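Shown next, in structure tokens, is the structure this report addresses.
The values are calculated or read from the model by the stated rules, or taken from the named source; none is laboratory data. Here the structure is a predicted model, which means the values were calculated and not measured. Cβ coordinates were reconstructed from backbone atoms using ideal geometry, including for glycine residues, and neighbour counts include every protein chain displayed.
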Ligand SMILES: [Zn+2]
């Protein structure tokens, strides 16, 4: 189980411990293991969100990874069946183990679900060994995990970002945010109103801005803007508005382009708002790793 985060000052990365999470729920700062810098966990997670390191990116994209090794014969297709069942595979990283000094070409073919194949060949006319070992890491979403819809959409947004499709990424990001907000409000309002009245309220206040003001006041006594101000994050509301909501509207209605930097700013803001409103949402951001998978040998 891991949730990486990065010190905003020295950029050292490590996984949040149980103790860090308790501190997070109490809104206490954590100390960097490397430089001693004290900082808000939210800012540490924000650093992770904007990381370009593919392994860190995929721990946010996917909720599960599997490590393993397979023996292959160069030039032959090797099929690999995973023991753990995944709903979808997002990415497969391959690393040939100790083939030096013989360079090897290898590529993974995603078969979907819980299978992939390794395509390989020799790159030089040298006396290669008959068989070589390939190490691999498969990132994906695990079957049977109870993942809220907002988390799935956030993961999709990350996937679009990795592929450089920032327009789709911003659409998915704003949808994730709006669905999270409705779920959050539902929890706060369900003891106050009967299900019929509740549905009527959501029908009537359709605009997300109305939900964040009127419905928030009914549910919590405060608007979202006030809650964020009290949490010492007064700019988060306008950041969401500018970088996500308005950008989404303009890209949907006018086809406006989105820059990578803008998307990352937006992703960060949405993440922070979700975690400030519901620290338990942290549990859905965790990444699980199965170690190691020898079934394919
Ligand atoms: Zn540091």
Based on this model, can you work out whether residue 11 counts as within 16 Å of the ligand (Cβ to nearest atom) and on the phi > 0 side of the Ramachandran plot? yes
Filter pass, residue 70 being away from the ligand (no atom under 15 Å from the Cβ) and in the same structural domain as residue 127 (by TED's automatic domain parsing): yes
Counting only residues in the stretch 22-64 that are within 28 Å of residue 156 (Cα to Cα) and part of a loop (DSSP other than H, G, I, E, B), the one modelled with the highest pLDDT is identified as 62
Would you check if there is a residue in the stretch 194-202 being assigned to a helix (DSSP H, G or I), assigned by TED's automatic domain parsing to the domain that holds residue 269 and within 29 Å of the chain's Cα centre (by Cα)? yes
- Item | Residue within the stretch 243-260 that is in contact (Cβ under 8 Å) with a residue 40 or more places away in the chain, surrounded by 12 or more Cβ atoms within 10 Å (Cβ to Cβ) and under 27 Å from residue 14 (Cα atoms) present | yes
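Matching residues to (1) within 16 Å of the ligand (Cβ to nearest atom); (2) more than 13 Å from the chain's Cα centre (by Cα):
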| site | (1), (2) |
| --- | --- |
| 17 | yes, yes |
| 20 | yes, yes |
| 26 | no, yes |
| 29 | yes, yes |
| 32 | yes, yes |
| 39 | yes, yes |
| 49 | no, no |
| 55 | no, no |
| 63 | no, no |
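If I filter the stretch 220-232 for residues that are in contact (Cβ under 8 Å) with a residue 60 or more places away in the chain and surrounded by fewer than 20 Cβ atoms within 10 Å (Cβ to Cβ), do I get at least one hit?
Scanning the stretch 220-232, I find at least one residue that is in contact (Cβ under 8 Å) with a residue 60 or more places away in the chain and surrounded by fewer than 20 Cβ atoms within 10 Å (Cβ to Cβ), so the answer is yes.
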